[in-house]
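Enquirer: One structure, pasted below without further comment.
The values are calculated or read from the model by the stated rules, or taken from the named source; none is laboratory data. Note that the coordinates shown come from a computational prediction; the quantities given were computed from them, not determined experimentally. In this analysis, Cβ positions are derived from the backbone assuming ideal geometry, glycine residues included, and neighbour counts consider all displayed protein chains.
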Amino acid sequence: MSAVAATGATSQHSRVGIIADTPLVQHLLQDVVVGAGYDVAVNTDPDRLKPALMHNETIRVWVVELENHDQWDDFVQSLLESTESPILFGDGVIPARTHEDYPRWQRRMQEKLQALAPAAQPAAEAPIFDLERLRATRPPPVYSLPESLQQAPKTELGPIWVLCASLGGPEAVKQFLDVLPAEVPASFLYAQHIDAGCVNALQHSIGRHTQLSLVHAEHGRQLENGHVYLVPVNHEIRFTDNHGIVWQNNPWSGPYGPSLDHLLTNVAAQFGARAHAIVFSGMGSDGAIGAADIRAAGGTVWVQSADSCVQSSMPDSVQQVGAADDRGTPVELAEKLLIWLAERVTQVA
């Protein structure tokens, strides 16, 4: 489908680009976008999208829904690295118009659009963080490992930190990981609300500059220090006593994958006081219940500061239930983590 210009009274500051690989999905997404008060700048499939449009500054948000995931890995990675506008990936399954879940899906998509770019607002009021961070040409400076950690005996497996993220999360998590040194004595589980077909592209973009090893949380893989494990979207995971990852034959509970509450509860149950969490930018309250479970098990919970989030609802919800020990920007949280780890080594010594 060629470019479509929608009618209406909205301004160019509310222009949205739609990318979908079937005409039906293109049509459904256009109805959602126009119904939320936006202009559709382009509505096309990946093959027909002109590369120059990825750099178009008047497109404030990209909405992407791809059914044939494996076919478009390279395209999604290129989009992540090229555009400076935030990208809203679909939930993976769009209910039929006649299905009872369709109004709920429509409302959720429109709420996410409004969170990323309120309709008809000037471009100067765009979110503080966007996917420009994912396409940076130079890696940022990496923090040095504190001396106490350099001299400490190497541990088989340090603390396990769960990185929870949703809307606006990729750029925040990338900022956090980019400044951590490879020798950090901790392991990380990265749980991002995203369509399953976009996980490979997410891995390539987030992992571009980090010193850590960013891998998929595959069945049977062992947790190791200095590794970041991308949590599967469609499979619940649990853990063995020797820190192995075990895929379950069932999806996550709740409307999102992966479910942050479900994952945090599983991690707290297995690792107890060794389990900790950071809740980054996101819409809704997923993670608040699980964060409370982490705290109850003796772990630590931090959240991203509201003014550095694309959408602060998720970290705000954790703070509202009393589960947040501290908050900060992604880079501040990375520095805080190194100090926290150094203090733990000193206390043990």
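Enquirer: Report, by residue number, each residue of the range 228-268 that is of a type in the set (G, A, S) and either farther than 20 Å from L341 by Cβ or part of a loop (DSSP other than H, G, I, E, B) (or both).
Expert: Residues satisfying the conditions are G244, S253, G254, G257, S259.
Enquirer: Also, quick follow-up: Just to check your reading of the model, which residue among L333, L341 is crowded, with 17+ Cβ neighbours inside 10 Å, more than 23 Å from the chain's Cα centre (by Cα), touching a residue at least 12 places away in the same chain (Cβ under 8 Å) and assigned to a helix (DSSP H, G or I)?
Expert: L341
Enquirer: How many residues, within the range 269-291, are part of a helix (DSSP H, G or I) and either among the polar types (S, T, N, Q) or over 18 Å from S312 (Cα atoms) (or both)?
Expert: So the answer is 6.
Enquirer: In addition: Identify, from the list V33, V25, the residue that is of a type outside the set (D, E, K, R), assigned by TED's automatic domain parsing to the domain that holds Q110, surrounded by 22 or more Cβ atoms within 10 Å (Cβ to Cβ) and at pLDDT 80 or above.
Expert: Just a single option satisfies the conditions, and that option is V33.
Enquirer: Is there a residue in the range 80-87 that is out of contact with any Asp or Glu (no Cβ under 7 Å at 6 or more places or on another chain), within 26 Å of R104 (Cα to Cα), outside any helix (DSSP H, G or I) and not aromatic (F, W, Y)?
Expert: Yes.
Enquirer: Can I ask one more? Name the residues in the range 303-324 that are crowded, with 17+ Cβ neighbours inside 10 Å and out of contact with any Pro (no Cβ under 9 Å at 6 or more places or on another chain), would you?
Expert: Across the range 303-324, the qualifying residues are S312, S313, M314, P315, D316, S317, V318, Q319, A323.
Enquirer: For the range 182-207, enumerate the residues that are touching a residue at least 60 places away in the same chain (Cβ under 8 Å) and either more than 23 Å from P255 (Cα to Cα) or not assigned by TED's automatic domain parsing to the domain that holds A297 (or both).
Expert: Hits for the range 182-207 are V184, P185, A186, H204, S205, I206.
Enquirer: State whether one or more residues within the range 154-175 are farther than 25 Å from P315 by Cβ, within 21 Å of the chain's Cα centre (by Cα), part of a loop (DSSP other than H, G, I, E, B) and touching a residue at least 40 places away in the same chain (Cβ under 8 Å).
Expert: no
Enquirer: Consider I289 carefully, then state whether it is touching a helix residue (DSSP H, G or I) at 6+ places or on another chain (Cβ under 6 Å) and surrounded by fewer than 22 Cβ atoms within 10 Å (Cβ to Cβ).
Expert: Against the criterion (touching a helix residue (DSSP H, G or I) at 6+ places or on another chain (Cβ under 6 Å) and surrounded by fewer than 22 Cβ atoms within 10 Å (Cβ to Cβ)), I289 qualifies.
Enquirer: Which residue pairs have Cβ atoms closer than 6 Å, lie 6 or more positions apart in sequence or on different chains, and pair a first residue in the range 238-262 that is within 15 Å of Q192 (Cβ to Cβ) with a second residue that is in a strand (DSSP E or B) and aliphatic (A, V, I, L, M)?
Expert: P258/A191; L260/A191
Enquirer: Going residue by residue through the range 299-319, is there one that turns out to be of a type in the set (A, V, I, L, M, F, W, C), modelled with pLDDT of 95 or more and over 28 Å from R107 (Cβ atoms)?
Expert: Yes, there is a match, as at least one residue in the range 299-319 is of a type in the set (A, V, I, L, M, F, W, C), modelled with pLDDT of 95 or more and over 28 Å from R107 (Cβ atoms).
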